[in-house]
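Heads up, the thing below is written out as structure tokens.
Computed from the coordinates by the stated procedures, all read-outs in this text should not be read as laboratory data. Note that the coordinates shown come from a computational prediction; the quantities given were computed from them, not determined experimentally. We place every Cβ from the backbone using ideal geometry, glycine too, and count neighbours over all the protein chains shown.
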Amino acid sequence: MSRVSRKEAVFYDGFKESSLLIGEAAELHLRIIEEWPRSKALIPRMKEYEGQHDALAAHLLDELNRSFITPFDREDINLLVHMLDSIVDGMEGVSARFAIYDVNEVIAPAGQMARLQLSAARELQVLFEHLPDFKKDPVVREKCRAIAALEDEGDIVYRNAMGTVFAEHGDPIHVLKWKSLLDMMENSLDNCKNAVNIIGSVLIKNA
């Protein structure tokens, strides 16, 4: 790991903590979906993860506003903090809507999307462990590519699932519920790729 100043470490440590929260939330997100409806009582725990990440994001943005020294461009840090927060927001939104929509049948692609989300979250954890040495450590680029590949796989699952939902179900309420849920799941996975796109921009700027 490269030497970083104490003031830079605040951000690197914050990103690591963010990725850990995202990973824990993704594990719970998958469990809620795979064990539904027995898992309904777990939804408040997902809300707790959202609150914890909101607090972390607010702390990092406050540090950014007060810091003269940052590990890379302030704009990129700001964008990255918001993008990571949106990942947790998305998973919490999906979990809450399972109850709001009174889902009584979980379609298989929902579990596939949630597993891809968890895989992306785990890749983010490794990426942020290596980020302090991003100028030299090849793992950062490798994990950016891995997360982009997972998002591409998620696009295929999403499109196939949407085609099936519209083609095979005559109940418009069922279609509307699952269109909303699948859209949110895709957006949350998209935001994992959006986060690494920001990191990719940082790599280019600091090449």
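Which residues, counting only those in the range 83-107, are among the aliphatic types (A, V, I, L, M), touching a helix residue (DSSP H, G or I) at 6+ places or on another chain (Cβ under 8 Å) and assigned to a helix (DSSP H, G or I)? Don't jump to the end; show me each part of the working.
Here is the first cut: in the range 83-107, the ones among the aliphatic types (A, V, I, L, M) are 83-84, 87-88, 91, 94, 96, 99-100, 103, 106-107.
Within this subset, residues satisfying the condition of being touching a helix residue (DSSP H, G or I) at 6+ places or on another chain (Cβ under 8 Å) are 83-84, 87-88, 91, 94, 96, 99, 103, 106-107.
Scanning the range 83-107 gives MET83, LEU84, ILE87, VAL88, MET91, VAL94, ALA96, ALA99.
Checking SER95 against (1) more than 16 Å from the chain's Cα centre (by Cα); (2) within 30 Å of PHE166 (Cβ to Cβ): exactly one of these is not met. Which one?
(1)
Has the range 32-51 got at least one residue that is touching a residue at least 60 places away in the same chain (Cβ under 8 Å), in contact with a Leu (Cβ under 6 Å, 6 or more places away or on another chain) and either buried (at least 16 other Cβ atoms within 10 Å of the Cβ) or among the aromatic types (Phe, Trp, Tyr) (or both)?
Going through the range 32-51, the residues touching a residue at least 60 places away in the same chain (Cβ under 8 Å) turn out to be 32-34, 36-37.
If we keep only those that are in contact with a Leu (Cβ under 6 Å, 6 or more places away or on another chain) too, we end up with 32.
Retained after the next criterion (residues that are either buried (at least 16 other Cβ atoms within 10 Å of the Cβ) or among the aromatic types (Phe, Trp, Tyr) (or both)): 32.
Yes, because at least one residue in the range 32-51 is touching a residue at least 60 places away in the same chain (Cβ under 8 Å), in contact with a Leu (Cβ under 6 Å, 6 or more places away or on another chain) and either buried (at least 16 other Cβ atoms within 10 Å of the Cβ) or among the aromatic types (Phe, Trp, Tyr) (or both).
Does ASN78 meet the test of being surrounded by fewer than 19 Cβ atoms within 10 Å (Cβ to Cβ) and under 21 Å from the mean Cα position of the chain (by Cα)?
Details: surrounded by fewer than 19 Cβ atoms within 10 Å (Cβ to Cβ): yes; under 21 Å from the mean Cα position of the chain (by Cα): yes.
Against the criterion (surrounded by fewer than 19 Cβ atoms within 10 Å (Cβ to Cβ) and under 21 Å from the mean Cα position of the chain (by Cα)), ASN78 qualifies.
So which residues in the range 122-168 are farther than 25 Å from THR70 by Cα, touching a residue at least 24 places away in the same chain (Cβ under 8 Å) and of a type in the set (D, E, K, R), if there are any at all?
ARG122, GLU151, GLU153, ASP155
Hey, can you tell me all the residues within the range 113-166 that are crowded, with 16+ Cβ neighbours inside 10 Å and not in a helix (DSSP H, G or I)?
PHE134, ASP137
Give the residue that is farthest from the chain's Cα centre (by Cα), with candidates limited to residues of the range 185-207 that are buried (at least 18 other Cβ atoms within 10 Å of the Cβ) and of a type in the set (A, V, I, L, M, F, W, C).
It comes out as VAL202.
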